[in-house]
Amino acid sequence: WLRLPSGWRSAAFTRAAEAKGVQIRSADEFALRDGRAPNAVRIAVNGHVPLSVFEGAMLQLRSLLDNPPEQISV
């Protein structure tokens, strides 16, 4: 799991990542019907993806994590 920082919801992060060409899934998709899901996403790595593509995808995710759409002040 990749827990998301304040400002990101898992569904919004998943959509933003997919818009950048990175396929991830929200933790909600893996929760039991009556269970609670963390505010997180699941990242699966395919060993057949070239290293340069993997590195690019991780950089895209890092950029998204550093720039949430909502800045929440506490």
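The values are calculated or read from the model by the stated rules, or taken from the named source; none is laboratory data. Treat the numbers as computed from the prediction; the structure is a model and nothing was measured. Quick reminder, even Gly has a Cβ in these numbers, built from the backbone with ideal geometry, and neighbours come from all protein chains shown. Heavy atoms of the whole protein, side chains included, go into the accessibility calculation; ligands, DNA and RNA do not. Shrake-Rupley method; radii C 1.70, N 1.55, O 1.52, S 1.80 Å.
Between Ala27, Ala31, Ala44, Ala19, which is open to solvent by 50 Å² or more (accessible area, probe 1.4 Å), among the hydrophobic types (A, V, I, L, M, F, W, C) and at pLDDT below 95?
On the way: Ala27 fails: open to solvent by 50 Å² or more (accessible area, probe 1.4 Å); Ala31 fails: open to solvent by 50 Å² or more (accessible area, probe 1.4 Å); Ala19 fails: at pLDDT below 95.
Only one candidate qualifies: Ala44.
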Quick one: would you say Phe13 is modelled with pLDDT under 95 and either open to solvent by less than 90 Å² (accessible area, probe 1.4 Å) or touching a strand residue (DSSP E or B) at 6+ places or on another chain (Cβ under 9 Å) (or both)? no
In the stretch 15-44, the residues that are part of a loop (DSSP other than H, G, I, E, B), among the aliphatic types (A, V, I, L, M) and touching a helix residue (DSSP H, G or I) at 6+ places or on another chain (Cβ under 7 Å): Val22, Ile24, Ala37
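Return the residues of the stretch 50-64 that are touching a helix residue (DSSP H, G or I) at 6+ places or on another chain (Cβ under 8 Å) and either open to solvent by less than 40 Å² (accessible area, probe 1.4 Å) or among the β-branched types (Val, Ile, Thr) (or both); say none if nothing qualifies. Can you show your working first?
If we filter the stretch 50-64 for residues that are touching a helix residue (DSSP H, G or I) at 6+ places or on another chain (Cβ under 8 Å), which is where we start, we get 60-61, 64.
Scanning the stretch 50-64 gives Leu61, Leu64.
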